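Colleague: My questions all concern the structure below.
No lab work stands behind these numbers, since they all come straight from the coordinates. This structure is a prediction, so every number in the text was calculated from the model and none was measured. Cβ coordinates were reconstructed from backbone atoms using ideal geometry, including for glycine residues, and neighbour counts include every protein chain displayed.
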C-alpha cells in the first residue's frame, strides 16, 4: 500500500458540510474514472481493444453470438466478434485463456445442439399424454340427490 496526498481546491462563499460532501464525491468519481482508464477491459469487447492487450490471440468460427455471450459471461473470458458475412462470425480470444475457451465452447455447443432441452417434454406432448390417460379411466356418473325440503318453512 502506498499513501498519497490529494489536493482539492474549491471556491465557495460559505463551505457547508453538504458542499464539502459534494466536492469529495466529485473528486472520488474523477479518481475512479482515471483508475478505470488504466485497466484493460474484460468480457466482450471490440477486436481492436482485444488486440491492444498486447497478447497473442486465436480465432474460431461461431454462428450464434448472442448464445455465446451468455456462456462466456459464466466463464469470464475476454473475447471479440468479427462479422465475416451475414450469419458468420469469427470469435477472437486470448491464447492464454484457451482452457477457459475450450470449456466455454463445450457448454456453448451443448446449448446449440439443444441437448439441454431434450430432457424436457414439450407442453403439447404432455397434454396429449394427459388426454390419453383421461380417456383410459372409467367414466363415472354422478348421482344427483335432491335434499328433502324442510316442512317447517
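Colleague: As a test of the formula, what do you get for the chain when each DSSP H run with n ≥ 4 contributes -39,500 (n - 2.57) and the sum is divided by the residue count, at 222 nm and rounded to the nearest 500 deg cm²/dmol?
Modeller: Taken over the chain, the calculation gives -14000 deg cm²/dmol.
Colleague: Quickly rank 6-17, 137-148 as a protection proxy: mean count of other C-beta atoms within 10 Å, highest first.
Modeller: Descending mean neighbour count gives 6-17, 137-148.
Colleague: Among 57, 5, rank each residue by its count of other Cβ atoms within 10 Å, from fewest to most, as a rough exposure measure.
Modeller: Numbers: 57 17, 5 4.
Listing 57, 5 from fewest to most nearby Cβ atoms yields 5, 57.
Colleague: Still on this structure, I have one more. Between region 77-132 and region 4-27, how far is it from one alpha carbon centroid to the other, in angstrom?
Modeller: Here the answer is 52 Å between Cα centres.
Colleague: Which of these values of Cα extents along the principal axes in Å was calculated from the structure shown: (i) 98, 60, 34; (ii) 46, 34, 25; (iii) 67, 38, 32?
Modeller: Among (i) 98, 60, 34; (ii) 46, 34, 25; (iii) 67, 38, 32, the one derived from this structure is (i).
Colleague: Quickly rank 38-46, 73-81 as a protection proxy: mean count of other C-beta atoms within 10 Å, highest first.
Modeller: Working: 38-46: 12.0, 73-81: 17.9.
Descending packing order for the listed peptides: 73-81, 38-46.
Colleague: Given an 8 Å cut-off on Cα distances and at least 6 residues of separation, report the relative contact order of region 47-115 as a percent. Could you put the intermediate results ahead of the total?
Modeller: Numbers: 79 pairs, mean separation 25.9, N = 69.
Computed value for region 47-115: 37 percent relative contact order.
Colleague: When ranked by the protection proxy of mean other Cβ atoms within 10 Å per residue, highest first, what sequence do the peptides 102-113, 22-33, 82-93 form?
Modeller: With the highest mean Cβ count within 10 Å placed first, the list reads 102-113, 82-93, 22-33.
Colleague: Counting only C-alpha contacts under 8 Å and six or more residues apart, can you give the relative contact order of the chain as a whole percent?
Modeller: 17
Colleague: Quick one, what does Rg over Rh come out to for region 47-115 if you take C-alpha atoms and the Kirkwood Rh? Please report the intermediate quantities before stating the final value.
Modeller: On the way: Rg = 11.7 Å, Rh = 12.3 Å.
Here Rg/Rh amounts to 0.95.
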